[in-house]
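Here the structure is laid out as structure tokens; the discussion comes afterwards.
The values are calculated or read from the model by the stated rules, or taken from the named source; none is laboratory data. This structure is a prediction, so every number in the text was calculated from the model and none was measured. Ideal geometry is used to build each Cβ from the backbone, glycine not excepted, and the neighbour counts take in all protein chains shown. Each accessible area value is taken on the protein alone, full model and side chains, heavy atoms only, with ligands, DNA and RNA left out. Shrake-Rupley method; radii C 1.70, N 1.55, O 1.52, S 1.80 Å.
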Amino acid sequence: LDRPLRVYVSFDMVPRRQISSCEKALQAAQQIWSEATEGSTQFERVNEASEADVKLIFKPQVLQSGVPVGGLVDWSRSIVYRDEMPGDQTTANVSIRTSMPSSSRWMRFEHMRHEIAHELGHVLGRKVGIHVQDEGREAH
């Protein structure tokens, strides 16, 4: 992108006391991608969903075809013309689980960070199999 990826964040039924952990995991995941791309990938937080490229929602449960998953993304990338110049436009809806499956325990920071980094990797067009080192763990 020729500008920062604009991210809108919301919390669906997430306890107030867990929000700061979600925020820290998001910041850490964004930092992973910023460092992995040597600063060419930047993120900008926006306050309105209508201004966002990425709408990220934290919620206790995320399901794919009825099966619990840590995160899920629905994204698209297209070519748009601005002032007769082509550029890309990315849009995505990202859901991140905040509670452990079959439990009311919160997801650990490391798990949320990994899930966010993984889903953002899809948004950034990274294919499965491309790995980013995450403090001794691999995010892909």
Run down V54, V46 and say which single residue is closer than 16 Å to T90 by Cα, open to solvent by less than 20 Å² (accessible area, probe 1.4 Å) and either under 11 Å from the mean Cα position of the chain (by Cα) or among the small types (G, A, S) (or both).
V54
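Residues to consider are V80, V67; find the one that is of a type in the set (V, I, T) and open to solvent by 40 Å² or more (accessible area, probe 1.4 Å).
Details: V80 fails: open to solvent by 40 Å² or more (accessible area, probe 1.4 Å).
Going through V80, V67 in turn, the sole match is V67.
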Exactly one of these conditions fails for G129: (1) part of a loop (DSSP other than H, G, I, E, B); (2) at pLDDT 80 or above; (3) of a type outside the set (V, I, T). Give me its number.
(2)
Pick from region 7-30 the residues that are within 19 Å of R77 (Cβ to Cβ) and of a type outside the set (S, T, Y): which of them is most open to solvent (accessible area, probe 1.4 Å)?
Q30
Have a look at W33, W75 and point out the one that is more than 16 Å from S10 (Cα to Cα) and open to solvent by 60 Å² or more (accessible area, probe 1.4 Å).
W75
By my count, strands (runs of 3 or more DSSP E) wholly in region 40-99 with at least 2 residues that are touching a strand residue (DSSP E or B) at 6+ places or on another chain (Cβ under 9 Å), among the β-branched types (V, I, T) and within 15 Å of L124 (Cα to Cα) are 71-82, 85-97
Quick check, is R108 more than 14 Å from the chain's Cα centre (by Cα) and within 15 Å of L26 (Cβ to Cβ)?
yes
Being within 15 Å of Q30 (Cα to Cα), among the aliphatic types (A, V, I, L, M) and open to solvent by less than 10 Å² (accessible area, probe 1.4 Å): is that true of L120 here?
yes
Hey, any hits in region 53-76 for a residue that's without any contact (Cβ under 8 Å) to a residue 12 or more places away in the chain and either touching a Ser or Thr at 6+ places or on another chain (Cβ under 8 Å) or farther than 26 Å from R108 by Cα (or both)?
no
